[in-house]
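Read through the structure below, which is laid out as structure tokens, and then see the notes.
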Amino acid sequence: MKRVAIAVAAVLLLGAGVAAAATVAPPKGPVSISLPGDAGMAFKPGPGVGAAQASCLTCHSSAYVSTQPVLSRAQWTAEVVKMRTAYGAPITDAQVPPIVDYLTAQYGKP
Amino acid sequence: MRKIGRRRFLAGSVAALGASALPARALADSVQLPFANGERPLLAFPQKRPLLVLSPRPPQLETPFAVFDQGVYTPNDAFFVRWHLSNIPQHVDASAHRIAVTGEVNTPLSLSLADLAALPQVEITAVNQCSGNGRGLSAPRVAGGQWDNGAMGNALWTGVRLRDVLDRAGLKATAKQVQFDGLEGPVLPTTPDFRKSLDVDKARGDDILIAYAMNGVPLPLLNGFPVRLIVPGWYSTYWVKMLSAITVLDHVDDNFWMKTAYRIPDTPDNSVMPGATGFPTVPINRMRVRSFATNVVDGAKIDVKLQELRGIAFDGGSGIKRVEVSLDGGTTWRDAALGPDVGKYSFRRWSASLQTRAGQTYTIAVRATANDGATQPATQGWNPSGYLRNVVEMYKVAVG
């Protein structure tokens, strides 16, 4: 806190919000963490869940779907198309309808 | 999983900050945010305290709002987390890390952190806020990361000026934009890598840093260890984490994350009618002025003995001139007292005396005005991505 107080005083003196600082050395050496993967989250069961798992979970958790507002079929279709065209998801034309059916049934409105 | 309402959870936390003992329910492991599909587990990720999990992969973690009542600086272990792509290094050696500086430069560089230490060191306090902070409150709602208002934080950043690094490399006359890339990568080679760019003049500004410390210590890995870009006053999409490459371009960046994503309508207030299409857009940039109360919660009860209302305000870098509070939903206003000024890019704390009567209900409102004259709107404009939220916040409270 003392160092912060010194920095604050320097900021007030210079009046610019930027200050030459007390020295803080850049970090050295490694840091390792272990991320929890999907932390136990999974798609709801239902017809087409396998297609959704295969196409969606490669890149992101099921929370990307389950935390969305209750989307319409047209909105879920737009999301699936966006995943294919903007984010390069390898979803074929034939795979789109079963995925959209699943998302609309489990996470959407008709 | 035990479930409790957000209002009760936060009300418990706030009460604990004031007088009463921390209720057991504050240890619950799930929070309900105030919109549909707003249930969020509370989990402690590495180097983090329990935060609201919007997504575990890639990690998107929201700060519990009560944290903002506890001081002007947001603790590193409570600071929000947002990654775009799931291929994130979980082992990073600061001693081996390099930042490549290439493109329209006279002398390409490969800089170690020890090389950065040879440049003048600079500190700056600045708010880092997600472009989509508060997206879950958008009306009508929009698809995207469904944050409440906890995708923001304020920290003291230490590092070197980007300009000093660019000057060492020497910009060619053809330099137009500067592009930033970090170690985060896509799972599939067909997914666009996350890269962001700034105009050369912006990149050479006094306040743009390559930071290697956050609140005086190394950054948590999930906030970008060992170095991240700091763009004070601008939304955090530009604050590239685990910065590993700086490429000077001779053109305006046309990669997906600049040309297609993170765009706002190029209209007078950057809003459009819901459902509108075909309007021009520009890359999102400077943050809008915002303010929040931090010791009351919408929908909660307050104690008649609570005699102080307090909170935070910030803007895109002109600094906060004034904060006003209302107890009648914005019909009448009075000035709050501003706390110490720790920099124009920082949270500014504020407080106001409070007198209430038991049994009454009040709609508390908070409104900030920045030094550049900008203030907060009474109604929120809409845009398709739910960006730029800065409506006057309202807190309906009953006095118990």
When the charge dipole of the protein assembly as shown is computed with +1 at the Cβ of Lys and Arg and -1 at the Cβ of Asp and Glu, the Cα pointing farthest to the positive end, of A:Gln68, B:Val227, A:Pro30, is that of A:Gln68
Computed about the Cα centre, the charge dipole of chain B from +1 Lys/Arg and -1 Asp/Glu charges at the Cβ has a magnitude in debye, to the nearest 20, of 1060 debye
Out of B:Leu137, B:Gly205, B:Phe194 - ranked by how far each Cα lies towards the positive end of the dipole of the stretch B:99-283, with unit charges on the beta-carbon of charged residues - the top one is B:Leu137
When the charge dipole of chain B is computed with +1 at the Cβ of Lys and Arg and -1 at the Cβ of Asp and Glu, the Cα pointing farthest to the positive end, of B:Ile284, B:Tyr238, B:Leu42, is that of B:Leu42
Counting sequence-distant residues (5 or more places) and residues on other chains, those with an amide H built under 5 Å from that of B:Leu249 are B:Glu104, B:Lys176, B:Gln177, B:Val178, B:Gln179
Residue span B:Ala276 to B:Asp298: 0.36 nm per residue of separation minus Cα-Cα distance leaves a gain in nm of 4.8 nm
Within the stretch B:308-351, DSSP-loop chymotrypsin sites (Phe, Trp or Tyr not before Pro) with at most 16 other C-beta atoms within 10 Å are B:Trp333
The ³J(HN,Hα) series, computed from each phi in the stretch B:175-187 with the Karplus coefficients 6.51, -1.76 and 1.60 at θ = phi - 60°, rounded to the nearest Hz and given as x for glycine or proline, is 5, 10, 9, 10, 9, 10, 9, x, 6, 4, x, x, 6
Restricting to Cα pairs under 8 Å and 6 or more apart, the percent relative contact order of chain B works out to 15 percent
The value for the stretch B:96-141 (convex hull of the alpha-carbon atoms, volume per residue, Å³) is 178 Å³
Under the 7 Å Cα-to-Cβ spin-label approximation, A:Ala74 and B:Ser318 lie apart by a distance in nanometres of 4.0 nm
With Rh as the Kirkwood radius over Cα pairs, the protein assembly as shown has Rg/Rh of 0.96
Residues whose built amide H sits under 5 Å from the amide H of B:Ser30, excluding neighbours closer than 5 in sequence, are B:Ile4, B:Leu42
HN-Hα couplings for the stretch B:36-43 via Karplus (6.51, -1.76, 1.60; θ = phi - 60°), in whole Hz with x for Gly/Pro, come out as 4, 6, x, 6, 10, x, 9, 9
PRE zone check, label point 7 Å out along Cα-to-Cβ of B:Arg286, amide N under 13 Å, scope the stretch B:225-260, hits B:232-235
extent check for chain B: Cα max minus min per principal axis, descending, whole Å, gives 71, 43, 41
If the label point sits 7 Å along Cα→Cβ of B:Asp254, residues of the stretch B:175-202 with amide N under 19 Å come out as B:175-180, B:191-200
With +1 on the Cβ of every Lys and Arg and -1 on the Cβ of every Asp and Glu, the dipole magnitude of the protein assembly as shown about its Cα centre, in debye rounded to the nearest 20, is 1060 debye
Computed ³J(HN,Hα) along the stretch B:131-137: with the Karplus parameters 6.51/-1.76/1.60, θ = phi - 60°, integer Hz and x for glycine or proline, the list is 3, x, 4, x, 4, x, 9
Over all directions, the stretch B:290-399 yields a Cα convex hull whose mean projected area in nm² is 7.1 nm²
Contour minus Cα-Cα span, B:Asp335 to B:Glu308, at 0.36 nm per residue, comes to 8.4 nm
For B:Ala36, other-chain or 5+-apart residues with amide H closer than 5 Å (H placed, Pro excluded) are none
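Readers should treat all values here as calculations from the given coordinates under stated rules, not as data from a laboratory. These numbers were taken from a predicted model, which means no experiment stands behind them. Please note: Cβ atoms are built from the backbone with ideal geometry, for glycine as well, and neighbour counts cover all protein chains shown.
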